[in-house]
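K.L.:
Got a structure here, written out as structure tokens. Questions coming.
The values are calculated or read from the model by the stated rules, or taken from the named source; none is laboratory data. Just so we're clear, the structure is a prediction, and the values are computed from it rather than from any experiment. Here Cβ is always computed from backbone atoms with ideal geometry, including for glycine, and neighbour counts include all displayed protein chains.
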Amino acid sequence: PLTPTPQPPRAPRSPPQAAVTGGTPASHPRAGGLRLSPRAPQQHKLGLFEIGPEHQFYLLTCRLRAGLRAATQAAIDHPPVGAGGLPPHPPGRATAHRVPPQGFELLTYAGPAFARLRRALGLPEELYQAALSSPYFQFVSNSKSKARFFLTQDKRFFLKTQTKQEMHFLLANLPRYLRHLEAFPHSLLVRLLGEGGGGGNWGSQGGDFGAAAPPPRYDIKGCRVDRWAEPASAVVLKDLNFEGKSLVLGKARGARGGTRRGPGGAEAAPCAAGSQRPWLLRQLELDSRFLEELRVLDYSLLLAVRPLLPDGLTARSPVPCHVLQGSGPSQNQRPLPGGSDPLHCIDGPQRRYSVGLVDLFSTYTFRRRLEHLWKRIRYRDGSFSTVPPAAYARRLCRWVEAHSE
């Protein structure tokens with residue numbers, strides 16, 4: 001159930017940068033500017049909160065919804081040309097979408113490239129627009145991240161604030177990200193569906209928020225230092241909370257093979273049926289190797305566990321494997337289950353696991369190197385998150401191998 005927005009005594013000190021342009025920064029309270037209300041509540045509780053008129057991000061999300069509606073309408077009016085795959089070099093320049101009644105602009109980046117990705121994923125622009133134009137929830141977790149998270153009304157898409165450095169990193173590596181998804185269409189990487197000016201991006205993050213009772217969720221990094229969360233209060237659990245448990249991926253009842261489609265719709269090798277553990281280990285290796293090449297670390301394997309429904313045979317019936325159309329060969333595919341987010345769902349005999357790699361923007365900078373050296377002195381066993389990208393990737397793969405069967 002949704003919890004009403006709390007009403008703590010004072011406004012936050014440092015509100016996040018707004019994802020729109022044309023407004024007044026929150027530190028300059030001139031009339032008519034985009035600022036957070038001085039009555040805005042300080043968020044102390046965890047969970048999912050409605051954003052009503054008294055919420056600190058009400059004005060921000062109203063303008064964001066209006067700007068995103070204009071941006072997605074541009075994609076509807078001018079769809080990507082051609083039926084081919086993803087563009088090899090998406091444009092990095094900004095496109096301004098003006099919202100006349102409110103008198104501001106929303107900047108989007110690489111709009112045609114993201115539109116092609118959404119089309120390749122089979123996501124209708126009208127559905128995407130309706131989701132982004134509806135009221136949002138705020139999602140507050142026990143994560144140490146300073147980012148703000150918003151969830152669409154249909155609980156299918158997240159919006160997450162970014163720093164300018166993270167935004168520049170994504171745009172610089174967007175061609176490589178798209179090529180990886182084209183080569184491995186069933187990748188575990190979160191699908192980033194758009195990038196907005198001012199430091200906001202939005203993308204899908206799995207489909208477990210629609211459950212009547214939230215399932216256990218785990219943020220896995222493959223290490224032990226500071227990786228315990230108090231189950232009674234935490235929204236997302238961590239590595240040490242998963243100790244003694246395992247991903248049971250034996251052959252699901254009713255599982256059968258699917259048929260893959262290669263570029264241009266040509267039939268490729270059939271997907272293997274049975275246990276999906278070999279597929280999971282292989283795909284995690286491919287994805288972590290890609291992130292290693294980008295010098296990325298500190299990403300997480302987001303894992304949610306739920307029992308299969310009583311009519312699970314229908315819910316997990318395989319569907320034809322959907323392949324991003326492109327010129328490269330498609331690899332390491334599997335039969336996809338039913339449901340709203342099959343790319344990130346894996347069915348075992350008794351449970352459904354929602355799995356995805358998230359937080360893909362932390363790079364191994366000089367500051368991170370210094371942090372690694374300091375932690376090596378403090379934690380001699382090396383079981384902390386800030387390690388070189390190659391070591392980080394290997395350790396996460398070993399964790400999944402040790403905690404799956």
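K.L.:
Give the range 91-122 a look and list any residue that's among the aliphatic types (A, V, I, L, M), under 19 Å from the mean Cα position of the chain (by Cα) and either part of a helix (DSSP H, G or I) or surrounded by 18 or more Cβ atoms within 10 Å (Cβ to Cβ) (or both), or say none.
P.N.:
Residues satisfying the conditions are 110, 113, 115, 117, 120.
K.L.:
Residue 104: modelled with pLDDT of 75 or more, among the aromatic types (Phe, Trp, Tyr) and under 24 Å from residue 180 (Cβ atoms), yes or no?
P.N.:
no
K.L.:
Follow-up question, since we're still on this one. May I ask you to list the residues in the range 302-333 that are surrounded by fewer than 22 Cβ atoms within 10 Å (Cβ to Cβ) and modelled with pLDDT of 70 or more?
P.N.:
Across the range 302-333, the qualifying residues are 305, 306, 307, 308, 309, 331, 332.
K.L.:
Here's something else I'd like to know. List pairs: first residue in the range 360-388 and farther than 27 Å from residue 174 by Cα, second residue among the small types (Gly, Ala, Ser) and not in a helix (DSSP H, G or I) anywhere in the structure, Cβ distance under 9 angstrom, at least six positions apart or on different chains.
P.N.:
Here the result reads 375/382; 375/385; 376/382; 383/222, each pair linking the range 360-388 to a residue that is among the small types (Gly, Ala, Ser) and not in a helix (DSSP H, G or I).
K.L.:
Can I ask one more? Whether any residue in the range 291-300 is within 16 Å of residue 353 (Cα to Cα) and at pLDDT 55 or above is what I want to check.
P.N.:
Checking the range 291-300: at least one residue is within 16 Å of residue 353 (Cα to Cα) and at pLDDT 55 or above.
K.L.:
Looking at residue 150, is it part of a helix (DSSP H, G or I) and modelled with pLDDT of 85 or more? Even if it seems obvious, please write down each step before you answer.
P.N.:
Numbers: part of a helix (DSSP H, G or I): no; modelled with pLDDT of 85 or more: yes.
Here the answer is no, as residue 150 does not meet what is asked.
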